[in-house]
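Okay, structure first, notes after.
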Amino acid sequence: MSNAKFDVLGIGNAIVDVIARADDALLAKNGLEKGAMTLIDEARADALYALMGPGRESSGGSAGNTIAGLANLGGKAAYIGRVRDDQLGGIFRHDIRAMGVAFDTAAASEGPATARCLIFVTPDAQRTMQTYLGACVDLGPAQIDEATVAAASVTYLEGYLWDKPAAKEAFRKAVDVAHKAGRKVSLTLSDSFCVGRHRAEFRDLVDNHVDILFANEHEITSLYEVASFDQVLPHLRAKSSRIAALTRSEKGSVVVGNGEVHAVPAVPNVKVVDTTGAGDLYAAGFLHGVTTGKDLGLAARLGAICAAEIISHYGARPETSLKELAAKQLAA
């Protein structure tokens, strides 16, 4: 995929992850359900943020994690997402740019505050997440920079964004611009509940507008309303021009495309600490492989290596150089 300024452009929910240690007493006192992810409003987010101890603040969100991973691999990455012109919006912008990602979406000057996921980590390693979506879900067509889309080999879309009408129009605009420029469009289904809410529209996207699909086993069986993973494959083989990269946790992944099926195992002997971001980083590795000319099987191996690194520690951002790790493991 040559003549492109960017290998991958990600479009998704721009969320700041705020991670801090906490004890069970703090969770109980503030009515936080341990180990769960709960959506909260801005007032609740402000109150809980004030209670958090010293921690780490970084750019997050599913597509943001993928794009950060791709940049860590040495890929040329860009991102479009909605933040507010507030403290956390500034943190998101600085953090993602510091990774080498081009992020030029103008911050909102009014409306909801920047989205944040407040993550309380207790001594038993449980992560209790309180998420305020704020400004990120107000992404619309005006934020889709056509020049950036046309300059990316692949535009990668986050399914979580599909809930609001303006975001749907933003998706459609990005798809049209990318295809008119002769570029590829990629979609991650994001979550099986997300698929359940938008199944018919997602089917239309996948069957008619998407070139590279990412999904896990639960998401893809939900999309096609089948009982087993094996029943999915005929649906995917029906359109030979589309690539589908399907993750299956410890079973590895299956890639269908170009008239081929590749079953690629997970990296063995990895101690699983935290599965947050595993699918995001698999997508980063796979897309880096595809945009640098690797065959589908090798791209899937690269995805598996990146996912294995992420699940070996807390958080959804690499703690080592994925570029160096991949070079070492692929040469072995």
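The values are calculated or read from the model by the stated rules, or taken from the named source; none is laboratory data. Keep in mind that this is a model prediction, so the values were computed, not measured. Note that each Cβ is placed from the backbone with ideal geometry, even for glycine, and that neighbours are counted across all protein chains shown.
Out of Val273, Val264, one residue alone is more than 21 Å from Leu187 (Cβ to Cβ), touching a residue at least 12 places away in the same chain (Cβ under 8 Å) and hydrophobic (A, V, I, L, M, F, W, C). It is Val273.
Among the residues making up region 61-113, those that are in contact with a Gly (Cβ under 9 Å, 6 or more places away or on another chain) and in a strand (DSSP E or B) are Ala77, Ala78, Tyr79, Ile80, Arg84, Phe103, Ala108. Could you tell me whether region 296-318 includes any residue that is assigned to a loop (DSSP other than H, G, I, E, B), at pLDDT 95 or above and over 19 Å from the mean Cα position of the chain (by Cα)? For region 296-318, residues assigned to a loop (DSSP other than H, G, I, E, B), at pLDDT 95 or above and over 19 Å from the mean Cα position of the chain (by Cα): absent. Among the conditions (1) modelled with pLDDT under 90; (2) outside any helix (DSSP H, G or I); (3) farther than 22 Å from Asp17 by Cβ; (4) of a type in the set (A, V, I, L, M), Val270 misses just one, which is (1). One residue stands out in region 94-124 among those that are aliphatic (A, V, I, L, M) and under 17 Å from Arg317 (Cα atoms): the one that is farthest from the chain's Cα centre (by Cα), namely Val121.
The residue pairs whose first member lies in region 41-56 and is under 16 Å from Gln87 (Cβ atoms), whose second member is among the β-branched types (Val, Ile, Thr), and whose beta carbons are closer than 7 Å, counting only pairs six or more residues apart or on different chains, are Tyr49/Val18; Met52/Val18; Gly55/Val18; Gly55/Ile19; Arg56/Ile19.
Conditions tested, residue by residue: (1) more than 18 Å from the chain's Cα centre (by Cα); (2) surrounded by fewer than 21 Cβ atoms within 10 Å (Cβ to Cβ); (3) closer than 19 Å to Ala299 by Cβ.
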position: Ala178; (1), (2), (3): yes, no, no
position: Ala181; (1), (2), (3): yes, yes, no
position: Val185; (1), (2), (3): no, no, yes
position: His235; (1), (2), (3): yes, yes, no
position: Arg242; (1), (2), (3): yes, yes, yes
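Is it true that Gly31 is assigned to a loop (DSSP other than H, G, I, E, B), closer than 23 Å to Thr188 by Cβ and out of contact with any Lys or Arg (no Cβ under 6 Å at 6 or more places or on another chain)? Judged against the criteria, Gly31 is not a match. Of the residues making up region 114-163, those that are assigned to a loop (DSSP other than H, G, I, E, B), surrounded by fewer than 18 Cβ atoms within 10 Å (Cβ to Cβ) and among the aliphatic types (A, V, I, L, M) number 1. Among the residues of region 308-332, which ones are surrounded by 17 or more Cβ atoms within 10 Å (Cβ to Cβ), over 26 Å from Asn3 (Cβ atoms) and either touching a Gly at 6+ places or on another chain (Cβ under 7 Å) or among the polar types (S, T, N, Q) (or both)? Selection gives Ile310, Ala316, Pro318. In region 198-223, the residues that are of a type in the set (Asp, Glu) reach residues that are in a helix (DSSP H, G or I) and surrounded by fewer than 21 Cβ atoms within 10 Å (Cβ to Cβ) with C-beta atoms within less than 6 angstrom, at least six apart or across chains, in these pairs: Glu217/Phe229; Glu219/Ser192.
When the test is whether a residue is charged (D, E, K, R) and surrounded by 21 or more Cβ atoms within 10 Å (Cβ to Cβ), Glu201 does not pass it. Among the criteria (1) surrounded by 16 or more Cβ atoms within 10 Å (Cβ to Cβ); (2) more than 24 Å from Gln126 (Cβ to Cβ); (3) not charged (D, E, K, R), the one Val261 does not fulfil is (1).
The residue that is farthest from Ile15 (Cα to Cα), counting only those in region 77-102 that are touching a strand residue (DSSP E or B) at 6+ places or on another chain (Cβ under 6 Å) and β-branched (Val, Ile, Thr), is Val101.
Could you please find all residues in region 208-233 being crowded, with 21+ Cβ neighbours inside 10 Å and modelled with pLDDT under 90? Selection gives nothing.
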